[in-house]
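A short worksheet on the structure shown next.
The values are calculated or read from the model by the stated rules, or taken from the named source; none is laboratory data. Treat the numbers as computed from the prediction; the structure is a model and nothing was measured. Neighbour counts run over all protein chains shown; Cβ positions are idealised from the backbone, glycine included.
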Amino acid sequence: MVTCGAAARGERCHAGKRSRSNATWYVRNSATGNSTVTAWGLSTDALVPGNYDGDGKADLAVWRGSDTNWYVLKSSNGQSQTTSYGTSSLGDLPAPGDYDGDNKTDIAVWRRARRPGTSCAARRARR
Ligand SMILES: [Ca+2]
Ligand SMILES: [Ca+2]
């Protein structure tokens, strides 16, 4: 069984925090009806499955807002890939897709535009 990116690096996935726990993917194969069970990611991660390695099969993948890492378990070779992308402090949300048409899922985030002067600090300053 493969474990989450943190465990692959020799770290504890939940690091003793109660709000997070390991998560498990249950996938039912449409061709055979068989299921696979794989521990990957944390309960607080965003789910971002896609075909990141271009082999035509979806890869288990999560985006962790706390460290802005994308943890991908590549279906082609079972290896993990960790990529940092996004800024959670700016409210980024993961938005993966094949934006360039190369049959590989691209990492992407969606960020809401912030209007100047609408931050909490700016509103307090006007009072
Ligand atoms: Ca794949
Ligand atoms: Ca692509």
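Quickly run through segment 47-59 and pick out the residues that are in a strand (DSSP E or B) and not small (Gly, Ala, Ser). Answer for segment 47-59, where residues must be in a strand (DSSP E or B) and not small (Gly, Ala, Ser): 47, 59. Among the residues of segment 88-111, is there at least one that is at pLDDT below 95, surrounded by 14 or more Cβ atoms within 10 Å (Cβ to Cβ), not acidic (Asp, Glu) and not in a loop (DSSP other than H, G, I, E, B)? Scanning segment 88-111, I find at least one residue that is at pLDDT below 95, surrounded by 14 or more Cβ atoms within 10 Å (Cβ to Cβ), not acidic (Asp, Glu) and not in a loop (DSSP other than H, G, I, E, B), so the answer is yes. Being in contact with a strand residue (DSSP E or B) (Cβ under 8 Å, 6 or more places away or on another chain), at pLDDT 95 or above and farther than 21 Å from residue 21 by Cα is a description that does not apply to residue 39.
Inside segment 60-81, residues that are part of a strand (DSSP E or B) and either among the polar types (S, T, N, Q) or surrounded by fewer than 21 Cβ atoms within 10 Å (Cβ to Cβ) (or both) make up a count of 3.
In the set (1) closer than 23 Å to residue 106 by Cβ; (2) at pLDDT below 95; (3) of a type outside the set (A, V, I, L, M, F, W, C), residue 57 fails one condition alone, (2). Checking each residue in segment 31-44 for being surrounded by 10 or more Cβ atoms within 10 Å (Cβ to Cβ) and either touching a Ser or Thr at 6+ places or on another chain (Cβ under 9 Å) or at positive phi (or both) picks out 38, 39, 40, 41, 42, 43, 44.
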